[in-house]
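Okay, structure first, notes after.
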Amino acid sequence: MKTWWKEAVVYQVYWRSFYDTDGDGFGDLEGVIAKLDYLKELGVDVIWLNPCYESPDVDNGYDISDYYSIMEKAGDMETWERLLEEVHNRGMKLIMDLVVNHTSDQHPWFLESKSSKDHPKRDWYIWKDPRDGKEPNNWRSYFAPSAWEYDEQTNQYYMHSFAVEQPDLNWENKEVRHAIYDMMRYWLDKGIDGFRMDVINLLAKVDGFPDAKKPADLQYLGNNPGIHEYLQEMNREVLCHYDVMTVGEIPFVTPEDGALYVGEDRHELHTLFHFEVADDMPSWNMKQFKDIQTRWYEGLKGKGTNSQFLNNHDHTRQVTRYGNDGTYREESAKLLATMIHTLPGIPYIYQGEEIGMTGVRFDSIDDYHDIAMKNKYKEEVEKGRNPKEVFKDLLPLTRDNSRTPVQWNATEHGGFTTGKPWMKVNPNYTTINVEENLKEPHSVLHYYQQLIRLRKEHPVMVYGEYNDLSIDDDAVYAYTRKNQDTCWLIVLNHADHESRFHCPEELLTEEPHLLLANYQDVTEKERMEDLVLRPYEARIYQL
Ligand code: GLC
């Protein structure tokens, strides 16, 4: 079935690093409004806004203390409402982050829950007695060595899948679920266009909380029995009454399980982020990547819709991690974009990606803010490891790689703020910035514009069948997208050297039409039976 959200290009705004209008060093909602024309010009349809709710900000807004108000750093409700209106005025849509696996430990619900064992809200969170005077089981959390935190006053532990300051809600409790549904309706009734759902497959916990065989492998935190009942109930109670888009953040998921979350006949979610790339492929691995694409395509075929992304606020910038951020920065940025926008699934752009922003290496741990990195650093150093080495090991994948402020121009702090930025700007802002990209006709930014435009004009990019023609090739990735009347061939040379691609005979046509390429001098006359591709060359042909 054709729907607006399958055809959409989503742009992720990590507002605190987007654009600061009041000089406090944090991006703000007013700054998002100021740049809406830029996003419209880029061509994106949907904006995903990271959490901007009231929060002590221990995990950059993913620790919410009031779901009904806006964090001061971001602005206020009036500004948020204006943002929504301005987004809609430009024909775009806004989806909000829904963080309901956990709240902040400062949320009134938790403060009440914690206050005594027989408080009516005690059961809103997950409390357990000590086991032999220690943690109730051996589970780890994402950000801490244990998933349990002891509360002296009531002599019990509470569970937190993330930081100690992010206690997990107890989804078994019906009152909790309905409090969340009320909150979702509040935002939907304001007119938002959907939710990106934070770690949504973590809501259901393993029955009985048994020890894990391998505590370091956090898989036991997700995809547990009961999760589909919760999501179906959420859909029935709330989502099905609105024309909105939902994308679930779903770690540890296989294509088979994925189909259970996004199968169109299952009435749970529309699409998902799986993490077979971002979590399981630390650096580029062509065979692994192709295998992931094929398995997910087959797994969801005729059932549901995938999402395509290579980076976000939790994952190092794609040109640094999966491309080449040196000699071939622009070429590889365009190649990765070509891939994400032509593979089956909804493409996501993380702010700054459209100008080829890179990861960063600051000199000292003090320049970093990411709680995941800071906690890990502390944990390892406390084990007696050499701090310098720990720091070095954490650099490639720290989440702050993608959280440095957007580089708007070559003035101080990249034009992000007139104050002191909450996080240092990547020093390469003098050459990599939006202003330069707007001026240069062949910039990464203009390439993204063209790619997005293609999606609007050619349904094959959204609905076409996918077929990998290059399974065993380490450098070249070539595939077709096909519907009744159109066949596209996408050829990508993911290597810093020349490669050849021999187009299979059955695809050879008299006049292949080149739709887009990241080198400017490609002629249509080139012999398809033996294409010579330059480093990081990317081409889209209509056959
Ligand atoms: C998700 C978010 C991440 C956050 C975590 C806990 O993975 O994307 O930024 O730290 O959930 O809410």
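Every read-out reported here was derived from the displayed coordinates using simple, explicitly stated rules and does not represent laboratory data. Bear in mind that the values here come from a model prediction, so they are computed numbers and not experimental data. Heads up, the Cβs are rebuilt from the backbone with ideal geometry, glycines too, and the neighbour counts pull from every protein chain shown.
Just a few scattered comments:
- The order of Arg361, Arg455, going from fewest to most other C-beta atoms within 10 Å of their C-beta, is Arg361, Arg455.
- Shape call, region 96-175: gyration tensor on alpha carbons, a/c limit 1.5: oblate
- Additional length obtainable on full extension of the chain from Leu507 to Arg385, 0.36 nm per residue less Cα span: 38.3 nm
- Dipole moment magnitude, nearest 20 debye, region 235-296 about Cα centre, only Lys, Arg, Asp, Glu C-beta charged: 220 debye
- ³J(HN,Hα), Karplus 6.51/-1.76/1.60, whole Hz, each residue of region 384-400, x for Gly, Pro: x, 6, 5, x, 4, 5, 4, 4, 4, 5, 7, 4, x, 10, 4, 5, 5
- Residue separation of Asp367 and Lys456 scaled by 0.36 nm, minus their Cα-Cα distance, works out to 27.9 nm of gained length.
- A simple charge model with +1 on the Cβ of Lys and Arg, -1 on the Cβ of Asp and Glu and nothing else charged puts the dipole of the chain at about 420 debye relative to its Cα centre.
- Rounded to 5, the percent of DSSP beta bridges in the chain classed as antiparallel: 60 percent
- Residue-averaged [θ]222 nm for the chain, counting only DSSP H segments that reach four residues, each worth -39500 (n - 2.57): -8000 deg cm²/dmol
- Placing unit charges on the Cβ atoms of the charged side chains and taking the dipole of region 231-288 about its Cα centre, the candidate lying farthest along the positive direction among Leu260, Asn285, Ile250 is Asn285.
- Cα gyration tensor shape of region 430-484, rounded if a/c is under 1.5, else prolate or oblate by comparing a/b with b/c: oblate
- Global size of the chain as Cα Rg and Dmax, reported in angstrom: 23.5, 79
- Debye, to nearest 20: dipole size of region 333-453, +1 on Lys, Arg Cβ, -1 on Asp, Glu Cβ: 200 debye
- Between the C-alpha center of region 234-288 and that of region 127-156 there is a gap of 30 Å.
- Cα gyration tensor shape for region 274-316, rounded if a/c is under 1.5, else prolate or oblate: oblate
- Ranked by how many other Cβ atoms sit within 10 Å of their own Cβ, fewest first, the residues Asp280, Asp198, Asp45 fall in the order Asp280, Asp198, Asp45.
- Amide hydrogen neighbours beyond the local backbone of Ile47, cut-off 5 Å, H modeled: Tyr11, Lys93, Leu94, Ile95
- Converting phi to 3J(HN,Hα) with the Karplus coefficients 6.51, -1.76 and 1.60 and the offset θ = phi - 60°, region 209-221 yields 6, x, 4, 8, 5, 10, x, 6, 8, 6, 3, 5, 6 Hz in sequence order, with x at every glycine or proline.
- Once divided by 2.2 N^0.38 Å, the Cα radius of gyration of region 61-102 becomes 1.30.
- Across the options Met373, Tyr157, Ala475, the greatest Cα extent toward the positive end of the charge dipole of the chain (unit charges at beta carbon of Lys, Arg, Asp, Glu) belongs to Ala475.
- Least to most buried among Leu394, Leu335, Leu231 (fewest other Cβ within 10 Å first): Leu394, Leu231, Leu335
- In the structure shown, the pairs Lys134/Lys376; Lys383/Lys420; Lys35/Lys73; Lys6/Lys190; Lys35/Lys439 are assessed against 27 Å; a Cα-Cα span above that value is assigned to Lys383/Lys420.
- Centre-to-centre separation between the Cα atoms of region 491-543 and those of region 308-330: 23 Å.
- Two numbers describe the Cα atoms of region 46-152: Rg and Dmax, which are 17.8, 60 Å.
- Amide H contacts under 5 Å for Cys487: Leu543, restricted to partners 5 or more places along the chain or on a different chain, H placed in the peptide plane at 1.01 Å from N.
- Charge-dipole axis of region 388-543 as Lys and Arg at +1 and Asp and Glu at -1 on Cβ define it, positive-most pick from Gln520, Thr417, Cys487: Thr417
- Förster radius 30 Å - calculated FRET efficiency between Tyr242 and Ala34, Cβ distance, rounded to 0.05: 0.60
- Of interest is the spacing of the C-alpha centroids, which for region 418-475 and region 362-414 amounts to 25 Å.
- Per residue convex hull volume, Cα atoms of region 2-51, in Å³: 69 Å³
- Projected label distance in nm at Glu256 and Leu111, using a 7 Å step from Cα toward the beta-carbon: 4.7 nm
- Set of lysines with alpha-carbon distance to Lys290 below 20 Å, sequence-local pairs under 8 removed: Lys301, Lys334, Lys482
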